[in-house]
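The values are calculated or read from the model by the stated rules, or taken from the named source; none is laboratory data. Computed from a predicted structure; not experimentally measured. Heads up, the Cβs are rebuilt from the backbone with ideal geometry, glycines too, and the neighbour counts pull from every protein chain shown.
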Amino acid sequence: MALIALCLWVVVAWVLMVTLTARQSWPAAYGLIAVGLPLAIWLGWSMGWLWALLGVTVMALVLRWPLRYFGRWLKGLVQ
């Protein structure tokens, strides 16, 4: 069930990417992150942590720009 939910998450992310403008995409990314974190935990709990790692990797590939900006923000805090 969790794997099906991950697949639906990917489909919703794709639909949002196609339909939203650049200005609307950041709130959508925040919503996808808010739904994706519990989904990754559910995936790890029900199918094992290897599957959760795969799910987090898929989510990171979908949300690559927010992750890049977060990495830059963390890099700025360290320096």
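Tabulated values for the structure
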{"item": "Meets criteria (of a type outside the set (Phe, Trp, Tyr) and closer than 19 Å to Val12 by Cβ) for Gln79", "result": "no"}
{"item": "Those helices (runs of 4 or more DSSP H) lying entirely in the range 21-79 with at least 3 residues within 19 Å of Met1 (Cα to Cα)", "result": "22-47, 49-62"}
{"item": "Residue that is farthest from the chain's Cα centre (by Cα) [pool: residues in the range 2-38 that are closer than 11 Å to Val62 by Cβ and of a type in the set (Phe, Trp, Tyr)]", "result": "Trp14"}
{"item": "Tally, over the range 37-76, of residues that are surrounded by 15 or more Cβ atoms within 10 Å (Cβ to Cβ) and small (Gly, Ala, Ser)", "result": "4"}
{"item": "Qualifying residue in the range 60-69 (condition: among the aromatic types (Phe, Trp, Tyr) and at pLDDT 90 or above)", "result": "no"}
{"item": "Boolean, Ala13 is of a type outside the set (S, T, N, Q) and either outside any helix (DSSP H, G or I) or surrounded by 13 or more Cβ atoms within 10 Å (Cβ to Cβ) (or both)", "result": "yes"}
{"item": "Filter result for Ala34 (surrounded by fewer than 16 Cβ atoms within 10 Å (Cβ to Cβ) and at pLDDT 90 or above)", "result": "yes"}
{"item": "Residue among Ala5, Ala29 that is of a type outside the set (Asp, Glu), under 25 Å from Tyr69 (Cα atoms) and free of Cβ contacts under 8 Å to residues at least 40 places away in the same chain", "result": "Ala29"}
